[in-house]
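A quick write-up on the structure given underneath.
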Amino acid sequence: MLKAVSVRLYTSLLVLVGTMVLVFCIVNVLPGDPALLILDPSSATPEMIANLREQLGLNQPFYERFGEYFLHVLQGDFGKSIVNSEPVLPKIVEHFPATLALTALSSLIAVVIGVTLGVLSAIHRNRWIDIVARMVGLFGISMPTFWSGILLILIFSVQLGWFPAMGSDGFSTLVLPAITLGFVGSGFIVRMVRNSMLEVINEPFIVTLRAKGLPGRFIMYKHALRNALIPALTMVGVIIGDLMAGTVVIETVFSRQGIGRIIADAIMAKDLPVVQGVIFFSAIVYIVVNLLVDISYTLIDPRVRRTG
Amino acid sequence: MSTAYSKPAVWMKMTSLALAVTLVLVGCSGGAGKSSATNGGSAAGAAPSTAAEQSSTPVAGGELSYALATSPDQLDPHRSGLAVAVRVIRTLYDTLVVQLPGGEIKPWLATEWSISEDGKSYTFKLRQDVKFQDGTPFNAEAVKYSFDRIIDPETKAANALALVRPYESSEVIDEYTVKLNLSEPSQAFLGNVSQALLSIVSPTAAKKDGDQFTKHPIGTGPFKFVKWDENSEIVVEKNPDYNWAPETVSQQGAPNLDKIIFKIVPEEATRIGSVQSGQVLAAETVPPQNILSLKNDANSQLYQANTVGLPYTLFINHSKAPWNELKARQALQLGINVEAIVKTLYLGTYEQAWSPLSPGIFGYDASLEGGVKPDIEKAKQLLDELGWKAGADGIREKDGKKLTLHYVDGSPNREKRNDIAAIVQQQLKPLGIQVDVEITKDVATVVYANNNYDLYGNSQVNSDPNALYSIYHTTAPGARQNLPNLSDPELDKLLEDGATQQDQTKREAIYKEAQQLIIKKAVIIPIYVFPYTVAASKKVQGLAFDSLGYPIFNDVYIAE
Amino acid sequence: MKQAVIGKQVWQGSRAEGAAKIRKLKRLAPADLLLYAAAVIVLFIISCALFPSLIAPYSPTLMNTDQIMQPPSLQHVFGTDYFGRDVFSVVVHGSRDSLLIGFVSVLVGCVTGGAIGAVAGYIGGVVDAVFMRLIDVLMTIPGVLLALAIAAALGPSLMNVVLAVAAASIPGYARVMRGQIMSIKGRPFITASRSIGTSSLSIFVRHVLPNSLSPMFVMAAIGIGTAILTGAGLNFLGLGTIKEIPDWGALLSQGRGYLTVAWWICTFPGLAITLFVLSINILGDKVRDQLDPKQSRA
């Protein structure tokens, strides 16, 4: 098992370097001259623009710029924002907890709703409960989040006054955005849990248990659910990236702090080092989370332990 | 606010003028305003448009939460370039003088001043009882430091640099007397000194923090900086020592409020929702459709202040055929129904613009109002005369070329400007003009660097009709072209005269002629005048606006 | 993410269970109803995209500025928007670009991803390792972020949104395709044809590929929904396209400011997106159940 983990770690590192190359490539084909954005286009002279380009290193060849960036990243230096010359990494680290809190609570909501609905729909397969549960889950993945977010604000903040409409101070401001985002995630988990529950129900060991006369409900919850949790967990690993990406929209709708907001602003301002930094940082988070998910399988499912 | 400065007009060199009026560069958000709730009013301090009974007496204490539509870029006045930043900067810093609605300049940190014969040096006597929030005494040295800081390239000053021109140097005469020297006379200088971007900063703090001064701003203002959580909020608290408010506010001493919390809420629906749900007490930039519903809301009130300067205007690019021809431009002028646009999109909450200048500015020509009326038949006839004949698909053609209009606008859709493009596209269709709308994030490249547009709209906040110079005067060789790519000797002459003319009556006549000429030659299509709006709980009392439309919080209190 | 769901599924033989079969038949009614409703909605929306002028009562560009923000009525079933356009007509015409974003981006993503996955899975070895590491790299960047970065890099246009969404979906298709190919490669009938001397390419084309495609179809169907939603999200962030006839995402995004004043302006485009994505998911789920013998023995 230790060996498996170290192999995973090694490939993760490779993937990380690949991600860096990819992000660097995408970000550096952004149109428009960053120098023109910093300078006032109505008064800047060509020399001023040329000087700034030189200063920003925009005149160096691509591979040189990448090499330089790579060396800096190894030392934990993600560069400085073009807009306000703040160092990128500390800024991301400062804003990440807010995004992490939102992503974590959203995942929790997604798992709770998703597993509940998934189990219900598997147990009551093809009955109304199944259909309603699946529809609720599907609604989650079928609605644009900025729309459902605004609807939640209008209902729960403006009309009912239960939760604040925006902000990132305290748990109460986390509720509406986390529900909006968690609802999306739950849609995927419902489907996953339902399918694996149905698979498990037909497994020989369940059939045997049933034949032995154990009550159906008991078997479902005790044995089938346990086995259905693994796919739910896998889904968390898969959707965590999408939930984090979802914060780009959600943090804007709910005026929350976080790295989603930072990248949205940075893309608009063509603040390349920041765009690069945030995407790369979220890739690291994605890799780490999936590593953890992989490792935690072995704890839940003995079979994986043996084969892994 | 009309902006005839009370000081005699002085001669002004063209080049400096051109630079000075880029102060709020095209693309600025409309921050300046006529501080009046009703259009055409003249009192400082807008009254809420709802008839709220406001007989309660000011209460000390309390917190005001105020939702901003965008995040300030800087809290260092010398480096900022955004109107939204000025709303916060005004609470932290003071300026040497203050401008009244109507343009008159009054004392603030300076008690009196004199201008030399040649108009090139200004001597200010300063208040002696002022100190910065960090305890640094306010004196002539501090003033010298602030002005020198703006022109120091190290500071990377933006709009402040344009405003301060033609400032050259300062001399400390004594502890409380300072002389500012200009490289050439400038009529606009004293008015500019009243602007928030030329605020006096604490020399100790600014020297110590350098680049990071924006994170720990220190001034002499009625509020002290507490914290700035990026993308979330900026908090300022009462400066208890404050005792030097200008005459534009009623409370000379420290403000009523203990704290102001500026929340940054870009999403419109969320911002309005947060004021309706009571999460914040006030929110700025209310969209027109919400203005109407908030006016009927028993718990809310609405403040509105019209901006001054150049209204939102569509500039026709004269370097692109066929728009270099008068008849083609006139066809656009007659074919675009501005009244319908303004009525449809702004639901009667914005005023239609008629001139290259907005009402309230010195020299505004009200006789232009109602002058241009849409006339599709006439427009068609003009295009016919130019030889553009309708093609098979209804689009006019000439020499095998289709009649297209490349309409460029910026993203995001600020003040519904993208929607104007959508309407213009439909309005010009019956004329046989195919409008290609390009919405781009990168206006800087498309419009300014590549000159790739037939029609592009913008506005500018300004307090003097000199603003026309940088937009309409022939540009110097080698410099970037003005927005309409215009070079008209007749207009050039008027704009030059307007800048140098000392007789106010004659100056006014010159600018009226210039405005008429611009409309007659169909250089532009003026669209609307932008009102700065604030939706607030009825508990919020005493909110006022300065001569440029920025909110003033000194007298604000929360009534219970 | 749905990709993973499908990829997990294993093909297994079925077992008889007569009693359950009969029980199930009785219970099928509500599910079938849903299925029919979904099919009707998808067909209707596709016909809207194909023949908008036949269905829409008004021109989508007709701005009747005297009749702005009229609530739904007999004359305007979805009301009118802030330009005075008939919302129903705009939504009907807007379906074309929305579906275009959905279908084309799925086509591009599916073909590219499928090809990568097929080659990697069938050839195996170093090629597989290299391709899969590339896919791993793409996977680490969440789809929306990737789309966001690409849309920002290329500028706002319909085709760029399509490309951005397509690129973001490539890794999912590649993984599923590879999984399918690998599982089929080892089946007895493949080994059999190999032993009788059929060429590798011909086995691939005749046997492996056809047997691997069905889960890809399901995934593609569901991907259409994801693509439309991603497009809507880009619109919200200001990276969408603004055209004379806007797609649903643009309509919803542009109309959201009017929600409290004229709810119908953005609600109907929003419902169009939701219903279409929902219906296509219901159909996709059903097809998948059918394809999976273990789960549908009816």
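Side notes on the structure shown:
- Acute angle (nearest 10 degrees) that the helix B:417-428 long axis makes with the longest principal axis of chain B, alpha-carbon atoms: 20
- Total accessible area lost when A and C pair, probe 1.4 Å, Å² to nearest 100: 5300
- One compactness figure for segment B:360-462 is 1.28, namely its Cα radius of gyration divided by 2.2 N^0.38 Å.
- With the Kirkwood sum run over all distinct C-alpha pairs, segment A:96-257 has a hydrodynamic radius of 16.6 Å.
- Average Cα contact separation per residue, chain B, under 8 Å, 6 or more apart, as relative contact order %: 24
- Sparse packing (at most 16 other Cβ atoms within 10 Å of the Cβ) combined with a DSSP loop state is found for the following GluC sites (Glu not before Pro) in segment B:272-345: B:Glu325.
- Electrostatic dipole magnitude of the protein assembly as shown [Cβ: Lys, Arg +1; Asp, Glu -1; Cα centre; debye, to 20]: 6380
- Taking all Cα pairs closer than 8 Å and separated by 6 or more residues, the relative contact order of segment B:366-491 comes to 19 percent.
- Accessible surface buried by the B/A pair amounts to about 2400 Å², both sides summed, 1.4 Å probe.
- Evaluated at q = 0.04 Å⁻¹: base-10 log I(q)/I(0), Debye formula over Cα of the protein assembly as shown: -0.24
- Taking the Cα centre of segment A:98-227 as reference, the dipole from Cβ charges on Lys and Arg (+1) and Asp and Glu (-1) amounts to some 620 debye.
- Taking chymotrypsin sites (Phe, Trp or Tyr not before Pro) across segment A:93-193, the ones in a DSSP loop with at most 13 further Cβ atoms lying within 10 angstrom of their Cβ are A:Trp162, A:Phe171.
- Its alpha carbons give chain C an Rg and a Dmax of 22.5, 77 Å.
- Stokes-Einstein translational diffusion, segment B:309-528 - Kirkwood Rh over all Cα pairs, 0.692 mPa s, 37 °C, in µm²/s: 184
- In the context of the full set of protein chains, the protein assembly as shown has a per residue accessible area of 38 Å² (1.4 Å probe).
- Segment A:96-257: relative contact order as a whole-number percent, Cα under 8 Å and 6+ apart: 37
- Lys, Arg +1 and Asp, Glu -1 on Cβ, resulting dipole of segment B:309-528 about Cα centre, debye, nearest 20: 420
- Normalised by 2.2 N^0.38 Å, where N counts its residues, the alpha-carbon radius of gyration of segment C:133-243 equals 1.39.
- Bridge type composition, the protein assembly as shown - antiparallel percent by DSSP, nearest 5: 80
- Nearby aspartates and glutamates by direct alpha-carbon distance to B:Lys539 (threshold 17 angstrom, same-chain neighbours under 8 apart not counted): B:Glu53, B:Glu63, B:Asp258, B:Glu284, B:Asp297, B:Asp555, B:Glu560
- Using only Cα coordinates, the Kirkwood hydrodynamic radius of segment B:201-282 works out to 14.7 Å.
- Helix B:140-151 vs. chain B, principal-axis angle (Cα, 0 to 90°, nearest 10): 30
- Distance violations [Cα-Cα > 23 Å] among B:Lys402/B:Lys429; B:Lys144/B:Lys259; B:Lys125/B:Lys215; B:Lys327/C:Lys243; B:Lys343/B:Lys429; B:Lys343/B:Lys512: B:Lys144/B:Lys259; B:Lys125/B:Lys215; B:Lys327/C:Lys243; B:Lys343/B:Lys512
- Projecting the Cα atoms of A:Ile230, A:Thr145, A:Thr180 onto the charge dipole of segment A:96-257, computed from C-beta unit charges around the Cα centre, puts A:Ile230 farthest toward the positive end.
- Going from the isolated chain to the complete set of protein chains, segment A:129-154 loses at least 50 Å² of heavy-atom accessible area (1.4 Å probe) at A:Ile131, A:Met135, A:Leu138, A:Ser142, A:Pro144, A:Phe146, A:Trp147, A:Ile150, A:Leu154.
- On the principal axes of its alpha-carbon atoms, segment B:136-224 has extents of 35, 30, 25 Å, going from largest to smallest.
- Residue (of B:Trp323, B:Leu431, B:Thr474) at the positive-pole extreme of segment B:309-528, dipole from beta-carbon charges: B:Leu431
- Taking other residues whose beta carbon is less than 9 angstrom from the beta carbon of B:Gly410, and scoring Lys, Arg as +1 and Asp, Glu as -1, yields +1.
- Of A:Arg65, A:Arg256, the order by accessible heavy-atom surface (1.4 Å probe, DNA, RNA and ligands excluded), from most exposed downward, is A:Arg65, A:Arg256.
- Crossing angle, helix C:18-50 versus chain C [Cα axis fit, 0-90 degrees, rounded to tens]: 50
- Alpha-carbon radius of gyration plus Dmax, which is the widest Cα pair, for segment C:25-147 in Å: 22.3, 68
- Cα-derived Rg to Rh of chain B, Kirkwood definition: 0.98
The values are calculated or read from the model by the stated rules, or taken from the named source; none is laboratory data. From a predicted model like this one, the values you see are computed outputs, not experimental measurements. Glycine also receives a Cβ, built like all others from the backbone with ideal geometry; neighbour counts cover every protein chain displayed. Each accessible area value is taken on the protein alone, full model and side chains, heavy atoms only, with ligands, DNA and RNA left out. Shrake-Rupley method; radii C 1.70, N 1.55, O 1.52, S 1.80 Å.
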